[in-house]
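In what follows, a single structure is set out as structure tokens and then discussed.
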Amino acid sequence: MAKAKVLTRDEIKRVFRIAEVGTHGDRDKVGLALSILAGMRVGEIAALKMGDVRGLDGKSVEIIHLTRHQTKGNRSRRVFVGENLMKLLNGYLAKRARLPDQAPLIQSSRTKGHFSNVSLSMRMKAIYRSAGIDTSSHAGRRTYATQKNELGIGMATIQQLMGHSSIQTTAIYCSVSDAQLRSAANAG
């Protein structure tokens, strides 16, 4: 199976614009943002409840604590929420302040419950396709890992951010750009 595409900054902007204009724009943009800006798996995003991301003050938490039932590999993990994602989540949460903590963060318009992993994956893929990008829902997660690598963040740190048990898996996610190769060739 081919690797998912690593999105450029322009492609990310285009994907978010496409998501925003849809019937469920806020929901779709938050789902994509959790993938692209936090490196979350589709299954983790689908399993999120309002209380997982909303603090006592009604605003986004700084760290999302995922239980072993919400993750791959039956291991709990933490997802650190960056400033851009936090702003987006705060706007989303403000519009849904009355929803109980147990309500799905990303609600299916068909079932009114949580998306299934497959349905959310298909939704993300459809948005990418609408943006003219032929890739899978995994593109956000690969993009996240690659961007961290391009910033010079160590592989062990990226491994922790991604929730991988093996650093070899993390290395597979990180594409190396020509600019990085040129910089390495000129180093020293």
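Laboratory data are not the source of any read-out in this text; all were calculated from the coordinates shown. Not measured: the values here are computed from a predicted model. No Cβ is skipped: glycine too gets one built from the backbone with ideal geometry, and neighbour counts run over all protein chains shown.
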Mean separation of Cα contacts under 8 Å (at least 6 apart) over the residue count of region 9-141, i.e. the relative contact order in percent, is 32
Calculated from DSSP helices alone, with each H run of at least 4 adding -39500 (n - 2.57) and the total divided by the residues of the chain, [θ]222 nm to the nearest 500 comes to -15000 deg cm²/dmol
Rounded to 0.05, the calculated FRET efficiency for the beta carbons of R110 and N90 at R₀ = 25 Å is 0.40
Rounded to one decimal in nm, the spacing of the 7 Å Cα→Cβ label points at M155 and K72 is 1.8
Using alpha-carbon positions, the gyration tensor of region 7-107 gives root eigenvalues a ≥ b ≥ c; with a/c under 1.5 called rounded, otherwise prolate if a/b exceeds b/c, else oblate, the class is oblate
In nm, the gap between the two label points placed 7 Å beyond Cα toward Cβ at R9 and S119 is 3.7
dims of the chain, Cα set, principal axes, largest to smallest, nearest Å -> 57, 34, 30
For the table K72/K112; K13/K59; K59/K87, the rows whose alpha-carbon distance is greater than 19 Å are K72/K112; K13/K59
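Set the Förster radius R0 to 45 Å, insert the Cβ-Cβ distance between L99 and R182 as r into 1/(1 + (r/R0)^6), and round the FRET efficiency to 0.05.
That gives a FRET efficiency of 0.40.
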Residue-ordered couplings for region 18-31, obtained by feeding phi - 60° into the Karplus form 6.51 cos²θ - 1.76 cosθ + 1.60 and rounding to whole Hz (Gly and Pro as x), are 5, 4, 4, 7, x, 4, 10, x, 4, 4, 5, 5, 5, x
Expected max-MSF residue from K29, K49, K112 in the GNM of the chain (alpha carbon, under 10 Å) is K112
